[in-house]
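Nothing in this text is a laboratory measurement; each read-out follows from the coordinates by a stated rule. Fair warning: this is a prediction, and the values are worked out from it, not measured in the lab. Positions of Cβ are generated from backbone atoms using ideal geometry, with glycine treated the same way; all protein chains shown enter the neighbour counts.
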Amino acid sequence: MSMPTATAEIGSLEQLYRLLPDLNYQPLWTLKGALTPEPVTQMVPYLWRYVEARELIERAGELISAHDAERRVLAFRNPGTGRHELARTTDTLWAAVQLVLPGEVAPAHRHTPAALRYIIEGEGAYTTVDGLRCPMERGDLVLTPNWAWHEHGHAGRGPMIWLDGLDIPMVHTMHLVFTEPGPGPSEPLDAPERTLVYKLADAERELSELGDGDANPYDALIHEYRDPANGGPVLPTLSAYLQLLRPGVHTRPHRHTASAVYHVVRGSGSSTIGGRRFDWTQGDTFAVPTWAQHEHANPGSSEALLFSFSDAPALERLGLLREQG
């Protein structure tokens, strides 16, 4: 439709409404809920059982080779993800389980989404990041920064399974995904200045040095993995934590605009997220969407240990990080 010679020819509001879409305009006053009083999301609290995820990824290992799959990965798809959307674990975070079998190599590539890996089980595997080979052991946190070359291999025995955490949905929403296939560098690029692997024993030692007076009412005893070079989060868009829930602990409810993905390193307990209770045990993974009120409880007689990662650094840089107790 062409523009009329004079806007006076638009005789009614209904005519204006019919005309505007064809001319690629949209009246803000007709949009109900565009500027909401607080965040609204289609993502829902959800928990994925490790016993199920492990069975599925191992079956995938029998049905498709590492060569054909390139990355043998099963994403944790939040039920709130649209039917034809890229799988999301939260609005901005993507989590998955990845399997590498003995003798396999997942070839080198690099991409603009940043990634971290938390090793769930297995030994003898490695990730090579920008030419630096990083052995992977249970409980390790391994980083793959934005646009870093990386490949995975397994020279040991038995399956190697880890949790992948990426900011893919965030980068995908901005339409800024770039990916380039290998082979990657043969020599380390800047390995001496970059910390890529954080050991579980070191993080647990940090937690063990905390006393009751250090407990956070919302997160109990919590250690944030930090970049030793600058004291900041491990990646510009992702932060990572190890959280200890001692027997009998029940944290107070709170919520924040940062969304998070939790993985149970050991122990059992429950989390109430958005009014729904989720009982978890070792290996389980669960999602806390943005602004969802949540609390954690460990009613048992043994300690529970949770690993988590969130989009807090990106939100803080954008001035969008808020918390409410």
| task | Return SER271, SER186 ranked ascending by Cβ neighbour count within 10 Å, so the fewest neighbours appear first. | result | SER186, SER271
| For ASP227, distant residues with modelled amide H under 5 Å away | GLY232, VAL234
| message | Could you derive backbone 3J(HN,Hα) for the range 225-231 from the dihedral phi with the Karplus parameters 6.51, -1.76 and 1.60 (θ = phi - 60°), listing whole Hz in sequence and x where the residue is Gly or Pro? | response | 5, 10, 6, x, 6, 9, x
| request: Quickly work out the ASP227-to-ALA201 label distance, labels modelled 7 Å from Cα along the C-beta direction, and quote it in nm with one decimal. | output: 2.7 nm
| field | Fully extended contour minus Cα-Cα distance, from PHE178 to ARG266, at 0.36 nm per residue | value | 28.1 nm
| request: Could you list which residues have their amide H under 5 Å from that of ALA292, counting only those 5 or more apart in sequence or on another chain, with H placed in the peptide plane? | output: HIS256
| note | With -39,500 (n - 2.57) per DSSP H segment of 4 or more residues and division by the full residue count of the chain, the 222 nm estimate, nearest 500 deg cm²/dmol, is -4000 deg cm²/dmol
| message | Could you give each residue of the range 301-309 its phi-based ³J(HN,Hα) in whole Hz, using Karplus coefficients 6.51, -1.76, 1.60 with θ = phi - 60°, and x for Gly or Pro? | response | 9, 10, 5, 10, 10, 10, 9, 8, 9
| Rg [Å, one decimal], Dmax [Å, integer] - the chain, C-alpha atoms | 22.7, 79
| request: Calculate, in nm to one decimal, what THR30 and SER186 gain on full extension: separation in residues at 0.36 nm each, minus their alpha carbon distance. | output: 50.4 nm
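Which value, in debye to the nearest 20, gives the size of the charge dipole of the chain about its Cα centre, when Lys and Arg are +1 and Asp and Glu are -1 at the Cβ? Provide the component values of the computation, followed by the final result.
On the way: 27 positive and 41 negative charges, 137 e Å.
The dipole of the chain has a size of about 660 debye.
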| query | Tell me, how many Å apart are the Cα centres for the range 158-232 and for the range 57-130? | reply | 16 Å
| said: For a quick check: with amide H placed at 1.01 Å from N, whose amide H comes under 5 Å from SER259's, ignoring anything fewer than 5 positions away on the same chain? | reply: ASP311
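Can you tell me the length gained on complete extension of the stretch ASP279 to ILE64, counting 0.36 nm per residue apart and subtracting the Cα distance?
Gain on extension, ASP279 to ILE64, equals 74.2 nm.
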| remark: Fewest-first ordering of TRP162, TRP29 by Cβ atoms within 10 Å yields TRP29, TRP162
